[in-house]
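One structure below.
The values are calculated or read from the model by the stated rules, or taken from the named source; none is laboratory data. None of these values were measured; they are calculated from a predicted model. Here Cβ is always computed from backbone atoms with ideal geometry, including for glycine, and neighbour counts include all displayed protein chains.
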Amino acid sequence: MKPSFLQKFNLLAVVQGLYITIVQFLANRFAGRVVTISYPEKKLKMKERFRGLHRLERYESGEHKGLEKCVGCALCASACPADVITVVAGENDPADPHSPGERYAVVYDMDILRCIFCGMCTEACPTQAIVMKHDYELADDERGGPQGGVNKFIYHKEDLLGREFYW
Amino acid sequence: MSVIEVVWMVAKILIVFAVLLLAMAYLTLVERRFVAWFQWRVGPNRVGPLGLIQPIADGVKLLFKQELIPAKADKFVYFLAPAITLIAAFAIISVIPITEHFYIADVNVAILLVLAISSLGTYGIILAGWSSGSKYPLVSGLRACAQMISYELALGFAVIGVVLMAGTFSLHEIVLGQERIWYFIPQILGFVVFLIAGVAETNRAPFDMPECENELVAGYHTEYSAMKFAMFYLGEYVAIINVGMLATVLFLGGWHGPAIFGAGLVGLANLFWFLLKTCAVIFFFIWLRATLPRFRYDQLMRFGWMVLLPLALLNIIITAGIKAFIQ
């Protein structure tokens, strides 16, 4: 349709646009409509399936309560496309087992700098021992470590097991 | 002139200069906050309460930045351009009557002076574009040149309507003439043309062709860094304040308004009304920026020559006709 003479000036459109923006302005000022999340003070609630930092799980109930879910099979390590995970398995002491199976992970290291957070490890895990939680504040300004050592971004088994999570 | 008069004059200049410096620094913050609110964002609020120290932080940052001068730059002109922009922007305040008794100078050709100086300010942009020795600033300088020529005409013609009404070029007397009725009512056409041309004159959205980011990086100040960049930036904001004050003086009745602080403090009320009207115009500018997308270059030129200029001429003819045949 050919625009009419009046439409060519676009005056009505300009006034409509101005009206829309001032309504948004007033909504922001008086109804508190803000899309920004003031990050350090307020944090975004992650979706249930968000893939953040990993955690090694323990059995929370049942006959194996308190034991590690990980049986040291190293399927996660072989599934990992970025070669993040190192697993060294060892035999369980039957009197004081770490895990319900025969074996458990003696060493479970994750070089989190290499991780691409694809979630393959969690899919590969037969016992659902490794899961990805909602922790995403993984950056730091020095190589110090949650352990304080040189390899800050190498998470050992105890870091992954005993890690506190925000959500 | 007695000594006291000289001292008072110098003091007035210093006061106006300091206030304007402060105002332009904080206008950067105000604009960022307001545009953020228009877009449901928060805006800079981290540096100090409500982000009030942000302009100072920005200034300090810009002062300590490394100064880069392009190898192919024409040094003399390259250094001259930001100075021209800033000086021209600041010079306009000298003839603007802020209240009835507080102004730096009452020049009998004040409007011509304002138009002339604002045209000079354009030289800053054109020379910056030319002297940078780089392609984007050059294109930007060309655009600024064409845009200024087309929009300054409309601006000048819009002002002539007011001059016809008031019968004087002096801004002080123009404001005095608006005692009964503010000129934007009889001059509504001229007011609209003045506002649009004013936006174009200050290179602001939707007329910010000379610095249109997605085509020309940053336009004429692409090659400028540190304080020279800041001078362009601040010159632009002073220009916004200037257009706000001019619109107030020419169309919105200047200092006129109810004496809200009582009969004894008329001067204060006058100052209040002047500042309020200026802020309203500046808010309108920010509102426009938050609303309208940028014009295409050919649309911009066509709008200037085919719409604004005829409208301004029509306004002059109507005003002159009424003046000649009715009064």
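Observations on the model:
- Exactly one residue among A:ARG51, A:ARG33 is touching a Phe, Trp or Tyr at 6+ places or on another chain (Cβ under 7 Å), within 14 Å of chain B (Cβ to nearest Cβ) and of a type outside the set (Val, Ile, Thr), and that residue is A:ARG33.
- Boolean, B:VAL199 is within 19 Å of the chain's Cα centre (by Cα) and touching a residue at least 60 places away in the same chain (Cβ under 8 Å): yes
- When the range B:153-169 is filtered for residues that are aromatic (Phe, Trp, Tyr) and closer than 25 Å to B:ARG302 by Cα, only B:PHE157 remains.
- Residue within the range B:130-137 that is within 18 Å of the chain's Cα centre (by Cα) and either buried (at least 20 other Cβ atoms within 10 Å of the Cβ) or not in a loop (DSSP other than H, G, I, E, B) (or both) present: no
- Of the criteria (1) at pLDDT 80 or above; (2) within 14 Å of chain B (Cβ to nearest Cβ); (3) surrounded by 14 or more Cβ atoms within 10 Å (Cβ to Cβ), which one A:ASN10 fails: (1)
- Of the helices (runs of 4 or more DSSP H) entirely within the range B:1-107, those holding at least 2 residues that are of a type in the set (Lys, Arg) occupy B:3-38.
- The condition of being assigned by TED's automatic domain parsing to the domain that holds A:ASP111, exposed (fewer than 15 other Cβ atoms within 10 Å of the Cβ) and farther than 27 Å from A:MET120 by Cα holds for only one of A:PRO40, A:PRO81, A:PRO94, that being A:PRO94.
So that you can scan it fast, the table gives a plain yes or no per residue for (1) within 18 Å of A:PHE25 (Cβ to Cβ); (2) away from chain A (no Cβ under 14 Å); (3) β-branched (Val, Ile, Thr):
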{"residue": "B:ILE4", "(1), (2), (3)": "no, yes, yes"}
{"residue": "B:PHE17", "(1), (2), (3)": "no, yes, no"}
{"residue": "B:LEU20", "(1), (2), (3)": "no, yes, no"}
{"residue": "B:LEU27", "(1), (2), (3)": "yes, yes, no"}
{"residue": "B:TRP37", "(1), (2), (3)": "yes, no, no"}
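- A count restricted to the range B:202-250 and to residues that are under 9 Å from the mean Cα position of the chain (by Cα) and on the phi > 0 side of the Ramachandran plot stands at 0.
- Any hit, the range B:95-109, residues being among the small types (Gly, Ala, Ser) and in contact (Cβ under 8 Å) with a residue 24 or more places away in the chain: no
- Unmet criterion (only one of (1) within 14 Å of another protein chain (Cβ to nearest Cβ); (2) more than 16 Å from the chain's Cα centre (by Cα); (3) assigned to a helix (DSSP H, G or I); (4) not small (Gly, Ala, Ser)) for B:PHE285: (2)
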